[in-house]
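The values are calculated or read from the model by the stated rules, or taken from the named source; none is laboratory data. Just so you know, these numbers come straight off a predicted model, no measurement behind them. A quick note on method: Cβ atoms are made from the backbone with ideal geometry, for glycine too, and the neighbour counts reach across all protein chains shown. Please note that ligands, DNA and RNA were not included when accessible areas were found on the heavy atoms of the full protein model with its side chains. Shrake-Rupley method; radii C 1.70, N 1.55, O 1.52, S 1.80 Å.
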Amino acid sequence: MKEFILVVDDDKDICRLLGIYLGNEGYRYLACENAAQALDILERYQVDLILMNVMMPEIDGISACLQIRERSKIPVIFMSAKTEDIDIIQGLAVGGDDYVTKPFKPIELLARVKAQLRRYKQYNETEKPAHTLQTEDLTVDMESRQVWVSGREVKLTRKEYDILEYMLRNKGQVLTMAQIYEAVWHEEFFCSENAVMMHIANLRNKLNWDHVHSDFIKTCWGRGYQI
């Protein structure tokens, strides 16, 4: 699936225009009109690249980028009507990966988006955190115990998370109910099928929040479950 792009600009016409071009290229995207909304979205979604206007009310793009860089290395491309060399240098100095001046050609901006995503992907392939588990569009951070599907964070209970992490650690293996129960509940399995089945049913519903994905967790009848 294509990467997830966040467009941050108080000009709704630009947001609509970029949405058309990104959508035509198959990218998933969200648009918001100020940096405060963008920072909130970053708490809930796994974003791959940000297109950030510089001049916005309240929190400007430069200040927002400084906050983003405290927690993430995702590519940030600034979009701005400020064309002086000092403005471009400032944008790059605070952590921006590229700087595009307005008015810009959407096709040129798309080329820059693709280039930054390509570099970021290559970086992640060599620097992928050891505490991350992934399959298809499902990502688990074992340090923070956070889970994302298609870029959106999914809130799980402690038991649901433990089941998911255990199954991902044993990806490809068919796990019996007894194995899952004893690994997660840390006690002997005895007539505990209902507990396992109920938690896996709830987990499936949460992971398939967009009703698009087939089940990440497959039922192997008479044997158990598998990711």
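Table for the structure above
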{"quantity": "Pairs where the first residue, in segment 158-177, is at positive phi and the second is surrounded by 15 or more Cβ atoms within 10 Å (Cβ to Cβ) and assigned to a helix (DSSP H, G or I), C-beta under 9 Å, 6+ apart", "calculated": "none"}
{"quantity": "Residues that are of a type in the set (Asp, Glu) and in contact with a helix residue (DSSP H, G or I) (Cβ under 7 Å, 6 or more places away or on another chain), drawn from segment 1-32", "calculated": "Glu3, Asp9, Glu25"}
{"quantity": "Residue satisfying all of: in segment 43-57; under 24 Å from Ser144 (Cβ atoms) and part of a loop (DSSP other than H, G, I, E, B); least open to solvent (accessible area, probe 1.4 Å) among these", "calculated": "Val47"}
{"quantity": "Residue ID - most open to solvent (accessible area, probe 1.4 Å), chosen from residues in segment 1-20 that are under 20 Å from the mean Cα position of the chain (by Cα) and over 16 Å from Ala38 (Cβ atoms)", "calculated": "Met1"}
{"quantity": "Segment 72-89, subset modelled with pLDDT under 95 and in a loop (DSSP other than H, G, I, E, B), residue surrounded by the most Cβ atoms within 10 Å (Cβ to Cβ)", "calculated": "Ile74"}
{"quantity": "Enumeration of residues in segment 134-161 that are in a strand (DSSP E or B) and either open to solvent by less than 60 Å² (accessible area, probe 1.4 Å) or among the acidic types (Asp, Glu) (or both)", "calculated": "Thr135, Leu138, Thr139, Val140, Asp141, Gln146, Val147, Trp148, Val149, Glu153, Val154"}
{"quantity": "Filtered residue count, segment 164-212, keeping only those that are surrounded by 12 or more Cβ atoms within 10 Å (Cβ to Cβ) and outside any helix (DSSP H, G or I)", "calculated": "9"}
{"quantity": "Test: residue in segment 146-164 that is of a type in the set (Val, Ile, Thr), more than 20 Å from the chain's Cα centre (by Cα) and under 21 Å from Cys220 (Cα atoms)", "calculated": "yes"}
{"quantity": "Leading residue by the ranking (most open to solvent (accessible area, probe 1.4 Å)) among those in segment 21-36 that are in a helix (DSSP H, G or I) and in contact (Cβ under 8 Å) with a residue 12 or more places away in the chain", "calculated": "Tyr21"}
{"quantity": "Any hit, segment 36-45, residues being in contact with a helix residue (DSSP H, G or I) (Cβ under 6 Å, 6 or more places away or on another chain) and of a type in the set (Phe, Trp, Tyr)", "calculated": "no"}
